[in-house]
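Shown next, in structure tokens, is the structure this report addresses.
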Amino acid sequence: MTHHEKKMRNAGRRLGRRHLQVALLSLGLSLAYSCRVNLSVCIVEMTNMNSTSGFPAYDWNQSQTGLILSAFFWGYVVTQVPAGMLAQRYGPKQFLMVGVVGCSLLTILTPLVAAYGGWRLMCALRVCEGLFQGMIYPSSHTMLGRWIPPLERGRASAFVYSGTSLGTVSTMAGVGLLASSSWGWPSGFHLPGALGLVWGVAWLWLAADSPAACPAISEHEREYIESALGASSSGDKILRVPWRSIATSLPFFALLVTHLCQNFGHWILLTQMPNFMKNVLHFDVKHNGLNSALPYLCLLLSSFVVGYLAQVVNERKILSMTASRKVFNSMAHWGAGTALMVLAFTHVTSTQAVALLTVTVALESGTLAGFLVNHVDLSPNFGGMMMGVTNSIANTMGIIAPIFVSQIVGDANTSTQEELENGWSIVFMIAACVYFSGNLLFVLAGSAQVQPWNSPSPAESKKHQVSSAGAIS
């Protein structure tokens, strides 16, 4: 082994600039999720007309609160695909910056909007927050595709997207405590928003679109990353998106359906768990937040376990990459579906219900080494754009989930306890069936092989470059 080869190997083993990008991405997603889910906890106290905290309370009914909670996704689904295309064309750094910082500013303004604009203006604000956050996931996938070698991708993806769990845990627990403190529920918006602005400064200073665009990266680490990615990644080159090939790809269709089914269950749990714990398990706002956060704390911890296991499985070639993705995803979806079925068909105590919900959410960590990184497996060049497509379609479930639950469960103020419990059993049963069916398609038709359409033919690339040059001139 030559001296240069030894340095290249050492660059692959040591902490480097790519790990800094991963850490920044994880923290950015954590803060973005804080700005996304804080309303799910705060709105319980915001609509508590019997509160004696001294902070404003609003007489919004179940239908209005459902619309407020779902409004985020009306904007979120709009910017996913454009953001993926723009991040691939112009680089992901600036779009991640705009997404996190823009949403943070609006989060800080939320208490003022609620006070002076009512529930309708709250819906409009949440739509705008969704527009900003729609840029984040596609841009994050583009960053992973440009920075992370294939064998490290499972671990890096698990670490990056565990940031969503960290944001959820800290928000559900922290906001519940803040809402019950002398600072009141407005602080549940002010603190996450302020931290998002601080992150923006660090991101602007330390992040880069790719190894080639990073002046602080060592030459050996840059060569290690670029050689590991090889011809599967175009780096900063502009490529024509092969829309027809993507749309007719069976592995991509399986990925899309799996993402759709994941988000159906995920958003029911994330947006409605505080309501379930308040109206069925009868927890107060402080214990509601802590118990709602517990499943996501376990999800955060299990994410690191999944990241480690994925790295071992992939590096030692215990399973093929395709089999690895399917095994981890099956653990997540079929495991979570089983726990929800138990919750739906058995009479459990409050402690047992929290335990089952904790298992359900914790098993979601398998998706971090399953379908969630599969976009970049299929196409390192277009993984961010593909994430934009699937995430846009899948997050319609964020709109549907709160409305779906409110229609089945009914109004907590007018329903009996038995009606509420029966309604939630139906919700859990349907969510479990969706998990089972979505993963079945992924097992049968999914793949982790780079697809032929990832790299356009030389004739297509030349034609696209000529047309792009003509458009610019």
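Kindly rank 74-84, 316-326, 342-352 from highest to lowest mean number of other beta carbons found within 10 Å of each residue.
74-84, 316-326, 342-352
Charges on Cβ only, +1 for Lys and Arg, -1 for Asp and Glu, centred on the Cα centroid of the chain; of Val354, Leu343, Ala87, which one is farthest towards the dipole's positive end?
Working it through, the farthest residue towards the positive pole turns out to be Ala87.
If you roll a 1.4 angstrom probe over the protein chains with everything in place, what fraction of the accessible area of the chain belongs to carbon and sulfur, to the nearest %?
Carbon-and-sulfur percentage of accessible area, whole number: 66.
How are the C-alpha pair distances of the stretch 274-413 spread across 5 Å bins, as whole percents from the shortest bin up?
Calculated over all Cα pairs of the stretch 274-413, the distribution is 2, 9, 13, 17, 20, 15, 11, 7, 4, 1, 0, 0 percent.
Apply 1/(1 + (r/R0)^6) to the Cβ-Cβ distance of Cys433 and Leu109, taking R0 = 35 Å, and write down the FRET efficiency to the nearest 0.05.
After rounding, the FRET efficiency stands at 0.30.
Across the chain, how many lysine pairs, 8 or more positions apart or on different chains, have C-alpha atoms separated by under 22 Å? Please give the number.
5
Which order do you get for Tyr435, Tyr116, Tyr137, Tyr308 if you rank them by accessible area with a 1.4 Å probe, largest at the top?
Largest accessible area first, the list is Tyr116, Tyr308, Tyr137, Tyr435.
On full extension of the chain, what length is gained from Ala212 through Ala194, given 0.36 nm per residue of separation minus the C-alpha to C-alpha distance?
Full extension of this stretch gives 3.3 nm more.
Rounded to the nearest 500, what is the chain's calculated 222 nm mean residue ellipticity when only DSSP H runs of at least 4 contribute -39500 (n - 2.57) each, over all residues?
So the helix-based figure for the chain works out to -25500 deg cm²/dmol.
Quick check: the angle from helix 350-362's long axis to the longest principal axis of the chain, C-alpha only, nearest 10 degrees?
Computed tilt is about 20 degrees.
Please sort 447-455, 186-194 by packing, taking for each peptide the average over its residues of neighbouring beta carbons within 10 angstrom, highest first.
In decreasing order of mean packing, 447-455, 186-194 become 186-194, 447-455.
Any idea what the alpha-carbon Rg over 2.2 N^0.38 Å comes to for the stretch 28-143?
In units of the 2.2 N^0.38 Å rule of thumb, it is 1.15.
So if R0 is 45 Å, what FRET efficiency would Ser350 and Leu121 give, r being the distance between their Cβ atoms, rounded to the nearest 0.05?
The pair Ser350/Leu121 has a calculated efficiency of 0.80.
With +1 assigned to the C-beta of every Lys and Arg and -1 to the C-beta of every Asp and Glu, and no other charges, what is the dipole magnitude of the chain about the Cα centre in debye, to the nearest 20?
The calculated dipole for the chain is roughly 1520 debye.
Mind ranking 297-305, 157-165 by how tightly packed they are, going by the mean number of other C-beta atoms within 10 angstrom, highest first?
157-165, 297-305
Below 8 Å, C-alpha to C-alpha, sequence gap of six or more: please give me the relative contact order for the chain in percent.
After rounding, I find 25 percent.
From Cα pairs below 8 angstrom and at least 6 apart in sequence, can you work out the relative contact order of the stretch 77-235, rounded to a whole percent?
33
To test your reading of the geometry: what angle, between 0 and 90 degrees and rounded to tens, separates the Cα axis of helix 458-472 from the longest principal axis of the chain?
Roughly 70 degrees between the two axes.
Give me the accessible area of Glu421, 1.4 Å probe, in Å² rounded to the nearest 10.
So the heavy atoms of Glu421 present about 70 Å² to solvent.
Apply the a/c threshold of 1.5 to the C-alpha gyration tensor of the stretch 295-353 and tell me whether it is rounded, prolate or oblate.
Oblate, because a/c is 1.5 or more while a/b does not exceed b/c.
Using R₀ = 22 Å, calculate the FRET efficiency as 1/(1 + (r/R₀)^6) where r is the Cβ-Cβ separation of Arg14 and Tyr308; round to 0.05.
The pair Arg14/Tyr308 has a calculated efficiency of 0.75.
If you fit an axis through the alpha-carbon atoms of helix 417-445 and take the longest principal axis of the Cα set of the chain, what angle between them do you get, 0 to 90°, nearest 10?
That works out to roughly 10 degrees.
Dividing the alpha-carbon Rg of the chain by 2.2 N^0.38 Å yields what?
0.98
Tell me the per residue accessible area of the chain using a 1.4 Å probe; a whole number in Å² is fine.
I get 40 Å² per residue for this part.
For the stretch 389-435, what is Rg from Cα atoms divided by 2.2 N^0.38 Å, rounded to two decimals?
Cα Rg divided by the expected 2.2 N^0.38 Å: 1.34.
The values are calculated or read from the model by the stated rules, or taken from the named source; none is laboratory data. If you're wondering where the values come from, they're calculated on a predicted model, not measured in any experiment. Here the Cβ is made from the backbone with ideal geometry for all residues, glycine too, and neighbour counts use every protein chain on show. These accessible areas exclude ligands, DNA and RNA; they are computed on the full protein's heavy atoms, side chains included. Shrake-Rupley method; radii C 1.70, N 1.55, O 1.52, S 1.80 Å.
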